[in-house]
Amino acid sequence: MNRPLALLACVVFGGILPVLLVVLWLTEPAPAPPAPRAMPPPITLPEVPLPTGSDPASVALRQSIRNGERIYHRLCYHCHGRRGTGDNNEYMASIGHKPADHSDLRAMQKLSDDEFFMALRDGVTDDRGWLTMPPWSSVLTAAEMWDVIAYVRRLPLAPEPPRGGAQGRPGSPRP
């Protein structure tokens, strides 16, 4: 290859071609922005009744229930549901198990606080020996488990939410 041809190739590939590529890149229209995502419907949470007294026991119980509510809506609702009914869980249905319905007053009264605590601490297995609820002892302290129990004990007492009524979030301030 002769020198003038090599020099021409260097100029074309080293200078002109990169400039042309940059010009083409800059003149190409920008991609359209992504379509806005639809907002999910707001979540209605149960409003469990809280003690109203100002005595130390009522104040402590209110704090315990509120902390239990925060924990429940962070860890438990995935299986038991926001309202504690234990439905709408495809995985649990696929293995033939329905999580406990915490909104069923009669069923909740059959379970003692100690049994409830042991279920939280050690987990729950079904008749086949399958773990249907994980043990929470490595995640929650004993006090936090008692807070969850205090909240769940009041779920059956929560009124049904009005259709299209007020929305709440876990840990939201209450009057």
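The values are calculated or read from the model by the stated rules, or taken from the named source; none is laboratory data. These figures come from a predicted structure and were not determined experimentally. So basically every Cβ, Gly included, is an ideal-geometry build from the backbone, and we count neighbours across all protein chains shown.
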Restricting to segment 120-149, and then to whatever is more than 21 Å from the chain's Cα centre (by Cα) and of a type in the set (Gly, Ala, Ser), can you tell me which residue is modelled with the lowest pLDDT? 129
Please work out if residue 58 is farther than 19 Å from residue 133 by Cβ and in contact with a Phe, Trp or Tyr (Cβ under 8 Å, 6 or more places away or on another chain). no
Can you tell me which residue in segment 84-124 is surrounded by the most Cβ atoms within 10 Å (Cβ to Cβ), limited to those that are farther than 23 Å from residue 141 by Cβ and among the basic types (Lys, Arg)? 98
Filtering segment 12-33 down to residues that are outside any helix (DSSP H, G or I) and of a type in the set (A, V, I, L, M), which residue is modelled with the highest pLDDT? 32
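In this structure, does residue 132 turn out to be farther than 27 Å from residue 59 by Cα, touching a residue at least 24 places away in the same chain (Cβ under 8 Å) and not small (Gly, Ala, Ser)?
Criteria met by residue 132.
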Within segment 69-106, of all residues that are in a loop (DSSP other than H, G, I, E, B) and among the hydrophobic types (A, V, I, L, M, F, W, C), the one modelled with the highest pLDDT is 100
